[in-house]
Amino acid sequence: MMEKNERYIATATGYSEDGTGVTRINGIVIFVPGLLNGEEAEIGITKMKKNYGYGRIIKILKPSIHRIDPICSVYKQCGGCQLQHMDSNEQNTLKENKVKDCFHKIAGMDVEVQPIIKV
């Protein structure tokens with residue numbers, strides 16, 4: 001069983017509903033804010049529940065090509081713009097997939113979602 005403050009090397013395999021990075025360590029899902037899909041990082045466990053946990057990035061070992069520097073100077077402290085570390089293409093993909101997932105999970109419909117209009 002994983003415990004708080006333990007460190008692991010993990011690779012994100014996707015995103016949660018709010019854009020948090022999702023990884024699995026020993027079969028247990030760990031949610032890691034700020035971790036992008038495909039990134040490998042050293043993470044520290046911050047909280048464990050029965051079947052899942054939360055972690056924080058200690059060091060990004062293999063950054064995603066979609067990682068960018070946030071434009072807001074208070075990005076890390078504020079929390080109002082959780083996706084500023086993603087480029088616009090990755091943000092749009094995340095949002096399109098969220099719409100598809102909502103239709104599938106809530107309405108039981110598999111729909112084709114039109115690409116987001118970029119301005």
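The values are calculated or read from the model by the stated rules, or taken from the named source; none is laboratory data. Worth saying up front: this structure is predicted, and the values here are computed from it rather than measured. Here the Cβ is made from the backbone with ideal geometry for all residues, glycine too, and neighbour counts use every protein chain on show.
One table, with the values for the structure above:
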read-out: Flag if Glu90 is modelled with pLDDT of 90 or more, surrounded by 15 or more Cβ atoms within 10 Å (Cβ to Cβ) and either among the small types (Gly, Ala, Ser) or in a helix (DSSP H, G or I) (or both); value: yes
read-out: Test: residue in region 47-55 that is under 14 Å from the mean Cα position of the chain (by Cα) and touching a residue at least 40 places away in the same chain (Cβ under 8 Å); value: yes
read-out: Residue match in region 88-97 (condition: in the same structural domain as Gly14 (by TED's automatic domain parsing), out of contact with any helix residue (DSSP H, G or I) (no Cβ under 9 Å at 6 or more places or on another chain), over 17 Å from Asp18 (Cβ atoms) and among the polar types (S, T, N, Q)); value: no
read-out: Residue, nearest to Gly19 (Cα to Cα), within region 67-86, restricted to residues that are assigned to a loop (DSSP other than H, G, I, E, B) and aliphatic (A, V, I, L, M); value: Leu83
read-out: Region 62-88 residues that are touching a residue at least 24 places away in the same chain (Cβ under 8 Å), paired with ones that are part of a loop (DSSP other than H, G, I, E, B) and of a type in the set (A, V, I, L, M, F, W, C) (beta carbon under 8 Å, 6 or more apart); value: Pro63/Leu36; Ser64/Leu36; His66/Leu36; Arg67/Leu36; His85/Leu36; His85/Ile68; Met86/Leu36; Met86/Ile68
